Structures are given as structure tokens and as C-alpha cells.
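The values are calculated or read from the model by the stated rules, or taken from the named source; none is laboratory data. Owing to the predicted nature of the structure, the values given are computational and were not obtained by experimental measurement. FYI the Cβ positions are ideal-geometry reconstructions off the backbone, even for glycines, and counts take in every protein chain you see.
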Amino acid sequence: MKLFENRTAFDIANIVAGLALAVSPWLLGFSNEASAAWNAWLVGAAVAVIAATAVVAFREYEEWANLALGLWAIVAPWILSFSDLGAATASHVVIGIVVAGIAAASLWFTTNKPFSHA
């Protein structure tokens, strides 16, 4: 499957997901909630920058970093105490799942090559 052989598609998807998290405080109206907004801005920007770097020169550690950031985004609402903010929690959890899933898939298809016939 060509999609799984092209890591760039995974990285572009994570760039989009990272940017979505970074702008979510403004789009979803929680920019005045400091911990939720700052976490979204910083984690979203980090995901996007790491994924953009991976487009230029893939390194496995970049996927591990985005996997960790995605997992952090999922648990951050409870650790940083903004789980009562529905929009902030939903954006962090959904985008965190997307980022972690994409990074995990990229790692899986890069290291295990399940579709190669060699």
C-alpha cells in the first residue's frame, strides 16, 4: 500500500493536527483559560514543528516525540485541571488521539514494514 510506504503523508497529517490544536483556543473559545490555552498552543506548535522537521529529514525520534506529545495532550486536561472545559478537553483528547495514532502508525510502518514482500 503506497500510503503506508510514504511517511510524508503521516507527517503532513500531524502538521495539520498540530496546527489545529494550536488554533483551537481561538476557534473553540477557551483562549482566556490559561492552562488549557497555553498547553494547546505549545503542544500544537511542537507537534507541527516536529512533523515539519520529519518531512525534511525523517528521524525515528521525531515520531516518538510526537507520540509522547499526543499522549500528553490526551491526559493534560486532567493533569492540568481543565477537564471541566468541554471544548478544551475535547480538542486535546481528539487531537491527541490523532497525533499519537499517526505517530504510532508511522513508527509501525517504518520499523516493521508489514507490506513488504522481501
Is one or more of the residues making up region 82-103 under 10 Å from the mean Cα position of the chain (by Cα), crowded, with 17+ Cβ neighbours inside 10 Å and at pLDDT below 95?
yes
Test Trp72 against the criterion of being under 16 Å from the mean Cα position of the chain (by Cα) and over 16 Å from Ala13 (Cα atoms), and give yes or no.
yes
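Restricting attention to region 30-40, does a residue exist that is in a loop (DSSP other than H, G, I, E, B), farther than 29 Å from Trp108 by Cα, touching a residue at least 24 places away in the same chain (Cβ under 8 Å) and of a type in the set (Phe, Trp, Tyr)?
Looking through region 30-40, at least one residue is in a loop (DSSP other than H, G, I, E, B), farther than 29 Å from Trp108 by Cα, touching a residue at least 24 places away in the same chain (Cβ under 8 Å) and of a type in the set (Phe, Trp, Tyr).
Which one is nearest to the chain's Cα centre (by Cα) among residues in region 10-25 that are under 17 Å from Leu85 (Cα atoms) and among the aliphatic types (A, V, I, L, M)?
Taking the candidates together, the pick is Leu21.
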Taking the conditions exactly as written (over 14 Å from the mean Cα position of the chain (by Cα), surrounded by fewer than 16 Cβ atoms within 10 Å (Cβ to Cβ) and either among the aliphatic types (A, V, I, L, M) or at pLDDT below 90 (or both)), does Ser116 satisfy them or not?
yes
Identify all residues within region 61-114 that are of a type in the set (D, E, K, R) and not in a helix (DSSP H, G or I); write none if there are none.
Asp84, Lys113
Of everything in region 30-64 that's over 17 Å from Ser81 (Cα atoms) and hydroxyl-bearing (Ser, Thr, Tyr), which residue is surrounded by the fewest Cβ atoms within 10 Å (Cβ to Cβ)?
Tyr61
